[in-house]
Amino acid sequence: MFIVLTFLLTNERHRCGMDRTIEQLLEIQDKDIRIFNLKMQIESVPEEKEKVKHLMSEAEDAMNTAKNNYLDIEKNIKNEEIEIASLKDKILNLQNKSASIKKNDEYKAVLKEIKQFNEKIEQHEDKQLVFWEKLEESKASKEKAAKNLEATKSRIENSIRDLDTRNENCKIQIEKFKEVRQSLSETIPPELFNNYLRLLKRRSSGNSFVKAVVPLQGENCGGCFLKVTPQIKASLRKSSFDQCENCGVILYLDV
Ligand SMILES: [Zn+2]
């Protein structure tokens, strides 16, 4: 069973009909929510920086892949060139040899061999042409990847700068809200404030803020949504706030 608040209320009601104390407590809660959200934003900065850096490594990987692909094709073209040069050498040797051949059959055999080597050269030249075409495509891909890498780099630098600025702004705002909160907390009864702090600590966790001060919703508690007792309802009509007997939140009439 929660301790029911027993403050004597000042009856100082404002134009909306809400008690000044509960108004101030709600303002404190509002500042706490803002501080909580700002802290969450600060906490998310390292993770967001990592995501941004990941984009950079993706662009770098794409650039390396494009570069390696280009080098591979260049290597293939050179290999074909080596093959062609070697076949041409063989042909030259055969042609030199043919000058001294006397027998017709041997001469024909050499000519046949030269013909076969020429056919092979043609095949290698065809392959080389295909590689040249691929090299052009690869060059375009490489240039595209390089441009993308540059664009990503500058985008990432901007994002990191924005995140750092956001981080600093959040810290400044937190300090401002803390000051406001501090002066507000001095104007409300300490017991009420301490009770509010206890409730917050009990209900909220590291990644979720659960309100400690909630309005009565019809006949139900705005915290646990259970129907409140007639006594609580009567008490709220008399005073400006009370505690839910079930979940302990500070209830008020949102009039
Ligand atoms: Zn409740």
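Coordinate-derived values only; no laboratory data. Just so it is clear, the structure is predicted and the values come from calculations on it, not from any experiment. All Cβ positions, even for glycine, are placed from backbone atoms using ideal geometry, and neighbour counts span all protein chains on display.
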Fill in the blank from the handout: Kirkwood Rh over alpha-carbon pairs of the stretch 161-255 plugged into Stokes-Einstein at 37 °C, 0.692 mPa s gives a D in µm²/s of 215
Fill in the blank from the handout: Sorted on mean Cβ neighbours within 10 Å (highest first), peptides 97-110, 52-65 come out as 52-65, 97-110
Problem - Using distinct alpha-carbon pairs, which all enter the 1/r mean, Kirkwood radius of the stretch 39-130 in Å - result: 17.9
Completion exercise
One checks the Cα atoms of the stretch 59-202 and finds Rg and Dmax, in Å, of 37.9, 124
Fill in the blank from the handout: Distribution output for the stretch 115-178: share of Cα-Cα pairs per 5 Å bin in percent, first bin at 0, values 4, 14, 9, 9, 8, 8, 7, 6, 6, 5, 5, 4, 4, 3, 2, 2, 1, 1, 0
Problem - Fluctuation leader among ASP164, ASP72, ASP32 - the chain, Gaussian network, Cα springs under 10 angstrom - result: ASP72
Exercise for the section: Any chance you could list the semi-axes, whole Å, largest first, of the equivalent ellipsoid that the Cα gyration tensor gives for the chain, using √(5λ)? Expected result: 89, 18, 12
Exercise for the section: Determine, for each peptide in 210-216, 168-174, the mean count of other beta carbons within 10 angstrom over its residues, then list the peptides with the highest first. Expected result: 210-216, 168-174
Completion exercise
If every Lys and Arg gets +1 and every Asp and Glu gets -1 at its Cβ, then about the Cα centre the stretch 59-200 yields a dipole, in debye to the nearest 20, of 340
Completion exercise
Of all DSSP beta bridges with both partners in the chain, the antiparallel percent, nearest 5, is 75
